[in-house]
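Below is one structure; the comments refer to it alone.
A short reminder: the numbers here are calculations on the coordinates, not readings from a lab. All values derive from a computational prediction rather than experimental measurement. Reconstructed Cβ throughout: ideal geometry from the backbone, glycine too, with neighbour counts over all protein chains shown.
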Amino acid sequence: MSGEARETTVMIVDDVPENLSLLSAILQKENYHVEVFTSGGEALQAAKQSPPDIILLDIMMPEMDGYQVCQSLKSDEQLNRIPVIFISTLTQVKEKVKGFEAGGQDYITKPFEVREVRERIRTHLDLAWTRRELEETLDQTLTGSIKLITDFMGLVNPTAFSRAIRIKQKMTAVVEELGLEPKRWFELAAVLSQFAPAALPQALQEKCSLGDKLSTGETEEIEQSVELVATMLRSIPRLESVAEMITHHKLTLKRIGNKPFDEIETSQQGGMILNLLQQYDRLSLKGGLSDDIVKALRKEGDFPEALYQSLQSIDEAVGSLESRCYSLDELVSGMILDEDIRDRDGRVLLKQGVKLSCAIVQALKFQQARLTKAAFVVKTEAPA
């Protein structure tokens, strides 16, 4: 991808208006979209609202110098991959080293050569885009592999598959409701956390999913399976944070000293939501109504009010949809089950409230001979 793309945004941060004007004129001739700021604090706020593709950053500025601005950028999960090029009159080696230690990708001394600035920007944009494309490819490969494993679980262990899908769909809705990022980590934690109980004996799986009283040995066996999954995930690049979320799967407000939810780290947020959703799912399997379940969980006070409210909002939105009956061949992705689906032994394969996906529909068709019915009540946004 070329660094000359018209949509590329270059942010310039310098407290000297003359420098801003000169650099802006140079870069606009290259068809870059240029944003200029004389304050590091203002630049950070603007970057959070609309991240630029690259930042040219002066060092000597009042209130907040360039090193501090760069450190703030690199500590932000949404901004830390933006290339930063320092442009400064400071020429000593120790100043340049300090810039690299702060997270800068390059350092240009003033007065600068126009061609040098142009070429360094092009180089770092190309490097950033190449890395982004590689990461996207890796993410797609990783996500696709996990989806394949999950879909296979739907064929060999429908109960575990159903539980994973229920919790993942609730996780997606809660995370979107709260505006948490990166959403993909939370979703992967929801699915992969269910690989642990899937490896347990069937009887113990059912006790675990229903929240029945467990012996000390059974509790230890479950925790060992969870830690085994987390350990395996830690060895896979890019899944370390997901592993930490799963490790925190029993986290409550009391365990972190009643800290505000938005002040705890991302892995703890994921673990706390996972804990709540697993408790919600256990009560749901026992036949409780959504509103009553949320009330019961709220009474315990183990989680922030924002999490209870998000669950309630999700359930209310689903409750407003229209219910209709469809044959197995008519089921499509996006429909929401309005009844439990059981096998001939009475086991729940899919719980009411699960949103159908292509993989779920395929798994149902594969299990068709084991189902008790051939038509299903589902909720849709509009009549088909």
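Observations on the model:
- In region 196-260, trypsin sites (Lys or Arg not before Pro) in a DSSP loop with at most 12 other beta-carbon atoms within 10 Å: Lys213
- Net +/- balance of residues flanking Tyr67 in space, Cβ distance below 9 Å, scoring K and R +1, D and E -1: -1
- Our estimate of slack between Asp343 and Ala199, defined as 0.36 nm per intervening residue step minus the Cα-Cα distance, is 49.8 nm.
- Computed FRET value (nearest 0.05) for Ser323 with Glu300, which takes r as the C-beta separation and R₀ as 25 Å: 0.20
- Computed E for Asn80/Ala369 - FRET, C-beta separation, R0 35 angstrom, nearest 0.05: 0.10
- Normalised contact order of region 321-362, rounded percent, pairs of Cα under 8 Å and 6 or more residues apart: 40
- Only helices reaching 18 angstrom along their own axis (Cα) with mean Kyte-Doolittle hydropathy no lower than -0.5 count here, and for the DSSP H runs of the chain these are 114-156, 158-178, 216-234, 266-285, 305-319.
- The lysine pair count for region 71-196, using Cα distances under 29 Å and pairs eight or more places apart or on different chains, is 13.
- Per-pair calculated FRET efficiency, R0 = 45 Å: Lys259 and Ile108 via Cβ, rounded to 0.05: 0.60
- Relative contact order (%) - criterion: Cα under 8 Å, at least six apart; region: the chain: 11
- log10 of Debye I(q)/I(0), alpha-carbon scatterers only, for region 9-131 at 0.16 Å⁻¹: -0.69
- Most mobile listed residue (Ala203, Ala190, Ala128) in the chain, GNM with C-alpha springs under 10 Å: Ala203
- Mean Cβ neighbour count within 10 Å, used as a protection proxy, ranking 349-355, 311-317 highest first: 349-355, 311-317
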